[in-house]
Amino acid sequence: MTTPNSLSCDAIYALRTSIAGDVFVPGEHGYDHARQAWNLFVDQRPVAVVFAESAADVARTVKFARAQGMRIAPQGTGHGSPSLEPLEDAILLKTARMRGVEIDPAARTAYVEAGAQWQDVAVPAGEHGLAALAGTAPDVGVTGYTLGGGIGWLARRHGLAANSVTAAAIVTPDGHRVRADADHEPDLFWAVRGGGGSVGVVTALEMTLYPVRQLYAGALFFPIQRSAQVLHAWREWTGTVPDEVTSLGRILRLPPVPEVPEPLRGRAFALVEAAYLGDAGTGAALIQPLRQLGPELDTFSAIPAAALAQLHMDPVQPVPFQGDGALLADVPAAAIDALVALTGPDADTSLASIEIRHLGGALARPVPGGGAQPEIDANYVMFTGGFAPTPEAGDTVRAQAQAVKDALAAWHAPYDYYNFAETPAGADAVLPPASYRRLEKIKATYDPDQAIISAHPVRPARR
Ligand SMILES: Cc1cc2nc3c(=O)[nH]c(=O)nc-3n(C[C@H](O)[C@H](O)[C@H](O)COP(=O)(O)OP(=O)(O)OC[C@H]3O[C@@H](n4cnc5c(N)ncnc54)[C@H](O)[C@@H]3O)c2cc1C
């Protein structure tokens, strides 16, 4: 598809008068702010940025873009922006103003507009003793996260967020509004549950919520010098815990900034973070083998589900960041040794965080009627990254993240985890092969011109 890379004044006027939202174009006040992603390292330069106010705005913008021969890049927060292809021929369609959420406590469901962040769902759901399958950061977008799978603190008990989606409102690449669920548009319904956003623009998701009566969660902080001991112990411990425990082992170098509380500011740690879906007594007994290692700081306590958003200490303000991840079939002791050698106390590294999340449990069991990621056939997932305030710093962090991936290559699963692959890669690199093949066919039906730009592109199957 050959696309133009600017809009005429008449076209901009027509778009502005047809939608309730705002349009920003290069050279005008507000464009630079509007094009910014959460990840400040990313320099997005689309033909125009549209802030949609509603599903109707989304549909009109999509129809407009198609009439102009332009592509469309839907975006909520821009947490997933590092993997996007260049936007020079595209309209960046921001859903950030569409943050409506409705909780139905009796049906245990949430209706979530496309621009909502996880905190918008977790807080009102928690008021009813319910939890969604949120990610670790409160300001990550529900839609991007869920379309890419979604591994959060309840994942080993309840699986991927994508497989708890019960319906999606979608604007198709030709601008039509459809509902996709078990009875309507089955291909689209399958595709958006883990296959990313390549088949249309999602305007809302409906999802199952889970009762969370008791939760015991927290982190054990050890001096970074104890990384090898702590991560080996955590790795062995993961083989003993029930599905109600989701945890990660981590090496964390905290920056010396005021946002980090004083006892932790500017220091480096080996950590175990975990959430147990159950009572505090059982939770304490479960973590006892790690607690008896004698952490410097122990934050475990009984907490409400909405407080899980603070456990991982993700930055909630936009930051310049580079990182990458890998699905790991297994993490034997040799993998921990490799990780500690590259990122532990003796390493000269710009990587601020290196974490390995324990998968398995419900994530490993195929969901009947599930979506493009029906299960995850890997026992762990690694993510590493660091702050990248300059292009040079970004190069350094990227190279070091790649070195960590390379050092773990012997244990890589056949494909990466969609949401943690932050370098440009096709969807074939982040999905099971059979899912990618089906997605190619769906793309050929719904978007043969590749009008929709997604975090990991899907090429339409040749007919
Ligand atoms: C600090 C941080 C913490 C994270 N924690 C977790 C975690 O715990 N678990 C996990 O699984 N992942 C996690 N991630 C990864 C995260 O899930 C992905 O980056 C995800 O893409 C973010 O979604 P978003 O909507 O916020 O980002 P965006 O950049 O806005 O969207 C990412 C992509 O999703 C698609 N998309 C977004 N909105 C729409 C729409 N309305 N219609 C169609 N497609 C759309 C597009 O392809 C877009 O490029 C984390 C990332 C960060 C930076």
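The values are calculated or read from the model by the stated rules, or taken from the named source; none is laboratory data. As the structure is a computational prediction, the values presented were derived from the model and not from experiment. In this analysis, Cβ positions are derived from the backbone assuming ideal geometry, glycine residues included, and neighbour counts consider all displayed protein chains.
Some points to look at:
- No other residue among Leu93, Leu87 is part of a loop (DSSP other than H, G, I, E, B) and within 11 Å of the ligand (Cβ to nearest atom) apart from Leu87.
- For first residues located in the stretch 419-433 and more than 19 Å from Thr77 (Cβ to Cβ) and within 11 Å of the ligand (Cβ to nearest atom), partners that are modelled with pLDDT of 95 or more and of a type in the set (Val, Ile, Thr) and lie 6+ apart or on another chain with Cβ distances below 7 Å form the pairs Ala427/Val458.
- Subset of the stretch 236-272 (residues that are in a strand (DSSP E or B), in contact (Cβ under 8 Å) with a residue 60 or more places away in the chain and under 22 Å from the mean Cα position of the chain (by Cα)): Val245, Thr246, Ser247, Leu248, Gly249, Arg250, Ile251, Leu252, Arg253
- Qualifying strands (runs of 3 or more DSSP E) (wholly inside the stretch 159-217; at least 2 residues being touching a residue at least 40 places away in the same chain (Cβ under 8 Å) and closer than 17 Å to Ile452 by Cβ): 165-171, 201-208
- Just one of the numbered conditions (1) more than 17 Å from Pro74 (Cα to Cα); (2) within 16 Å of the ligand (Cβ to nearest atom); (3) modelled with pLDDT of 95 or more; (4) in a loop (DSSP other than H, G, I, E, B) is not true of Pro414: (2).
- Restricting the stretch 97-151 to residues that are closer than 14 Å to Ala169 by Cβ and in a loop (DSSP other than H, G, I, E, B) leaves a set whose member that is nearest to the ligand (Cβ to nearest atom) is Ala114.
- When residues of the stretch 302-359 are limited to those that are among the polar types (S, T, N, Q) and part of a strand (DSSP E or B), the one nearest to the chain's Cα centre (by Cα): Gln322
- Residues of the stretch 379-435 that turn out to be within 15 Å of the chain's Cα centre (by Cα) and crowded, with 21+ Cβ neighbours inside 10 Å, as a count: 15
- Going through (1) touching a residue at least 60 places away in the same chain (Cβ under 8 Å); (2) touching a strand residue (DSSP E or B) at 6+ places or on another chain (Cβ under 8 Å); (3) not acidic (Asp, Glu) one by one, Ala134 falls short only on (2).
- Conditions (1) of a type in the set (A, V, I, L, M); (2) over 22 Å from the mean Cα position of the chain (by Cα); (3) modelled with pLDDT of 95 or more; (4) in a loop (DSSP other than H, G, I, E, B); number of the one not met by Val23: (4)
- Scanning the stretch 430-463 for residues that are in a helix (DSSP H, G or I) and touching a Ser or Thr at 6+ places or on another chain (Cβ under 8 Å) yields Leu439, Lys443, Tyr446.
- Single residue of the stretch 345-359 satisfying the filter (in contact (Cβ under 8 Å) with a residue 24 or more places away in the chain and among the aliphatic types (A, V, I, L, M)) that is nearest to Gly152 (Cα to Cα): Leu359
- When Thr166 is tested against (1) under 24 Å from Ala364 (Cα atoms); (2) in contact with a Leu (Cβ under 7 Å, 6 or more places away or on another chain), just one condition goes unmet, and that condition is (2).
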